[in-house]
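Please read the structure below before turning to the comments.
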2 protein chains.
Amino acid sequence: MATPRIEHTKVAVIMAGGRGTRFWPRSRTSRPKQFLNIVGQESLLRQTFTRLDGAFAPEHVFVVTTSDLAAETARLLPELPAENILIEPEGRNTAPCLALALVQVERKVPGGVMAVLSADHWIAEPSLFLEDIDTAVKHAAWTGELVVFGIRPTYPETGFGYIEADGQGPVRKVAAFREKPPMDVALTYLASGRHFWNAGMFVWTLADFRAQLQQHAPAVLAPLDAWVESGGDPAQLKSAYGQVPEVAIDVALMEKATEVAVVPARFTWSDVGSWPAAMEFQEADAEGNITQGQALLLDTRNCAFFGGRRLIAASGVQDLIVVDDEDALLICHRDKAQSVKKIVERLKAEGREDLL
Amino acid sequence: MATPRIEHTKVAVIMAGGRGTRFWPRSRTSRPKQFLNIVGQESLLRQTFTRLDGAFAPEHVFVVTTSDLAAETARLLPELPAENILIEPEGRNTAPCLALALVQVERKVPGGVMAVLSADHWIAEPSLFLEDIDTAVKHAAWTGELVVFGIRPTYPETGFGYIEADGQGPVRKVAAFREKPPMDVALTYLASGRHFWNAGMFVWTLADFRAQLQQHAPAVLAPLDAWVESGGDPAQLKSAYGQVPEVAIDVALMEKATEVAVVPARFTWSDVGSWPAAMEFQEADAEGNITQGQALLLDTRNCAFFGGRRLIAASGVQDLIVVDDEDALLICHRDKAQSVKKIVERLKAEGREDLL
């Protein structure tokens, strides 16, 4: 058996700055999706953290978020050292976020291998997930390649980017990153067996990530390196961060890098992009109803009740999504969940900041 | 023109002791139907009082209720003299209630003509209502007959008693009181033109009411007369009232009395017996929706939203009754409104006194 090039410490960087309006009224500006327990008993952020249990030491887990979300992040992750919450001065897409994580994590865990995760995704099988992470970590450490996870598509999604893979096996060469496709193209991707959803989950060594950024996206790294060199004063970060181009890591780096591999995920994944998606992963009763909170259901089928402290009594209804919050109530046909965005826009137009 | 036999003062007695569970979650033990603004902007009790405006002096309006409802009754009717709220020691059906009103009102307004009204009914045309009241008052005062209002049936209701009338014109002879009929009989009543719903609204002089009670239902009156004779101590009323048979005025008196007339109502009436009935009398928007409170509706038809302080957002739904209360939420198909009773029973069985 071969010996690793070098002993690497596994580091997880959880991106937790997301906003999102598709879970209104449960999600609000100050209460984004990662804080919600819309799937399972705990918040998606907490589940993301717990999923790492036993494989990543808490002091090697870092969460990047904005200052307004830091307190709730800390409250949900009491085991996390306070200094492991990395504050973005503002949301500027994933490339600045990950470069900021890089310059802070490499000081604390030099020689680490970094797994990039999202705080608001759902994964069914934590053990398969950790095994796949290990596959990616080993590959990244041995080869120096950037590794991306690929999710095998289950339907022709047009809202995700795709990864085209070459070869077979647990780690494959990336042939190309493909932009969000139109439906006809998505259908060929679904059929090909070579295309995977890009879920924005990556594994790379800190050293290789730095080297690749320096080569392909120096503008992303330079302002943050300068900030660190000048002492890393938190008060100066805002100005430095503002100089980093606002761009996704896929565009800034992944599509340009040549040393990229994909690990096809064996775990079941969802970005939990809408209320119906949140329903999909919960156990329904015999009539197909999903209930959070207290509900009294008579002759009610295929509904989801995301309740709060109030009792919800339903009779003679079907195919509804009901979300009961302190100051707002959503009642939506399952097939109309995309209209939640419209509702939020209307509230914005009406100046109902109190409900956003 | 003939001169009246005697100058009569018009007195209204509003029965406001009702409970009822059909408007759960809006109605509760301590918040019965008469306190709810489920039709119109004000409570049904307040609307009943306001309807008398200009025809009955506030000091000649009496409200009979139970002690637990007295404070809210007073709050809703600030113009009403406090002593005009007559307290029933307990709910014992309408005969004891009206006998109690009699013995108290006849001391305050001797020689009055008493209109018996319900606090939780809805009437569309207040001016027609007052004209019909005047017709009944005049008839009662001139003839000494007991007058009952008859509502012309609009569908074969099987939940009401009926009045069979003889003759034509604004005041008719009562041929018979008919019990709640089975559907086939209700259909013949609907077709006959001679049958009216008994809405429990009466007009009679205090003297004639006393005389008729003494003749046909002496047991109803005797304990209360004895109580008055012994000084009318409020502390003694409970014991006296407990001796009055628990019976409806229709059974105790109206079905036995021979000197009874019916005034066919020209006004539109409803006992507002269910959520769909409450919808019937409100103005709907172009899509057939009725809204109380704040609502944001997208592609939503033929729904009723009885909201509270919360915003209700609905999308892609139809034929729903939504009732949003502080601690409970009802979502019910319009055709399943009778299941509200079942819901209340289930809550009772589960010991949820907090929601009853």
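Since every read-out is calculated from the coordinates, none of them should be taken as a lab result. In this text the structure is predicted, and so the values were computed from the model without any measurement. Ideal geometry is used to build each Cβ from the backbone, glycine not excepted, and the neighbour counts take in all protein chains shown.
Taking every DSSP beta bridge with both residues inside the protein assembly as shown, roughly what % is antiparallel (nearest 5)? Each step should come with its number before you reach the end.
On the way: 52 of 124 bridges.
That works out to approximately 40 percent antiparallel.
In terms of surrounding Cβ atoms within a 10 Å radius of their Cβ, B:Glu83, A:Glu164 rank from fewest to most as B:Glu83, A:Glu164.
Computed from backbone phi with θ = phi - 60° and the Karplus coefficients 6.51, -1.76 and 1.60, the 3J(HN,Hα) list for the range A:11-21 is 10, 10, 10, 9, 7, 9, x, x, 10, x, 10 Hz; x is used for glycine and proline. Mean projection of the Cα convex hull over all viewing directions, computed for the protein assembly as shown: 40.6 nm².
Which order, highest average first, do B:210-216, A:132-138 follow once you tally other Cβ atoms within 10 Å for each residue and take the mean per peptide?
A:132-138, B:210-216
Against chain A, whose longest principal axis is taken from its Cα atoms, helix A:67-76 shows a tilt of about 80°. Taking every DSSP beta bridge that has both residues in the range B:276-355, what percent is antiparallel when rounded to the nearest 5? Antiparallel: roughly 30 percent of the beta bridges in the range B:276-355. Shielding of peptide A:315-321 by partners, expressed as the average count of other chain Cβ atoms within 10 Å per residue Cβ, is 6.
Just the Kirkwood number for the range B:276-355, please: inverse of mean 1/r across all distinct Cα pairs, in Å, one decimal.
Values: mean 1/r = 0.0749 Å⁻¹.
Value: 13.4 Å, from the Cα pair sum.
In debye, nearest 20: dipole of the range A:275-355 around its Cα centre with unit charges on the Cβ of K, R (+) and D, E (-)? Don't skip to the end; give the middle numbers.
Details: 10 positive and 15 negative charges, 47 e Å.
Taking the Cα centre of the range A:275-355 as origin, the dipole is about 220 debye.
Between the amide H of A:Thr291 and those of A:Phe305, distances stay under 5 Å, these residues lying 5 or more places away or on another chain, with hydrogens modeled in the peptide plane. With a 10 Å cut-off around each Cβ of B:336-349, the average count of Cβ atoms from other chains is 3.
Of all the C-alpha pairs in the range B:117-225, what % are more than 16 Å from each other?
Working: 3799 of 5886 pairs.
Roughly 65 percent, rounded to a whole number.
Computed on the Cα trace of the range B:44-155, the radius of gyration divided by the Kirkwood hydrodynamic radius gives Rg/Rh = 0.95. Look at the stretch B:324-330: the mean tally of other chain Cβ atoms within 10 Å of its residues' Cβ atoms is 5.
Working note: Karplus 6.51/-1.76/1.60 with θ = phi - 60° gives the range A:251-260 the couplings 6, 5, 10, 4, 6, 9, 5, 9, 8, 10 Hz, where Gly and Pro are set to x. Taken along its principal axes, the alpha carbon cloud of chain B reaches lengths of 64, 49, 38 Å, longest axis first. Listed by chain and number, the aspartates and glutamates whose alpha-carbon sits under 19 Å from that of B:Lys10, ignoring those within fewer than 8 places in the same chain, are B:Asp53, B:Glu59, B:Glu79, B:Glu83, B:Glu106, B:Glu131, B:Asp132, B:Asp134, B:Glu145, B:Asp208. Its alpha carbons give the range A:246-288 an Rg and a Dmax of 17.2, 51 Å.
Computed on the Cα trace of the range A:187-286, the radius of gyration divided by the Kirkwood hydrodynamic radius gives Rg/Rh = 1.11.
For A:Asp325, the residues whose modelled amide H falls within less than 5 Å of its own, excluding neighbours fewer than 5 places apart on the same chain, are A:Leu330.
In order along the range B:104-114, the phi-based Karplus estimate (6.51 cos²θ - 1.76 cosθ + 1.60, θ = phi - 60°) of 3J(HN,Hα) comes to 8, 6, 5, 6, 8, 10, x, x, x, 10, 10 Hz; Gly and Pro are listed as x.
Here the residues B:Tyr189, B:Tyr162, ranked from fewest to most Cβ neighbours within 10 Å of their Cβ, fall in the order B:Tyr189, B:Tyr162.
Give the shape of the range B:31-104 as rounded, prolate or oblate, defined through the alpha-carbon gyration tensor: a ≥ b ≥ c are the square roots of its eigenvalues, a/c under 1.5 means rounded, and otherwise the shape is prolate if a/b is larger than b/c and oblate if not. Here the range B:31-104 falls in the oblate category. Taking K and R as +1 and D and E as -1, what net charge do the other residues with C-beta under 11 Å from the C-beta of B:Ser315 add up to? For residues surrounding B:Ser315, the net value is +3.
Once the dipole of the range A:275-355 is set up with Lys and Arg at +1 and Asp and Glu at -1 on Cβ about the Cα centre, which of A:Leu330, A:Val340, A:Leu297 lies farthest towards its positive end? The listed residue farthest towards the positive side: A:Val340. Taking amide H positions as modeled 1.01 Å from N, with prolines and chain starts lacking one, the residues under 5 Å from B:Ile14 and 5 or more places away or on another chain are B:Phe62, B:Val63, B:Val64, B:Leu117.
Counting DSSP beta bridges with both partners in the range A:9-270, what percentage is antiparallel, nearest 5? Spell out each step's value before the answer.
On the way: 21 of 41 bridges.
The antiparallel proportion sits near 50 percent.
When the range B:9-270 is described by a simple charge dipole with +1 on each Lys and Arg Cβ and -1 on each Asp and Glu Cβ, the residue from B:Ser239, B:Ala199, B:Pro170 located farthest towards its positive end is B:Ala199. Footprinting exposure proxy ranking of A:Lys33, B:Lys256, fewest other C-beta atoms within 10 angstrom first, gives B:Lys256, A:Lys33. For chain A, a crude dipole built from +1 on the beta carbon of Lys and Arg and -1 on the beta carbon of Asp and Glu, taken about the Cα centre, is about 320 debye to the nearest 20.
So what's the range A:217-260 giving for Cα Rg divided by 2.2 N^0.38 Å, two decimals?
Numbers: Rg = 12.2 Å, N = 44, 2.2 N^0.38 = 9.3 Å.
Relative to the 2.2 N^0.38 Å estimate, the range A:217-260 comes out at 1.32.
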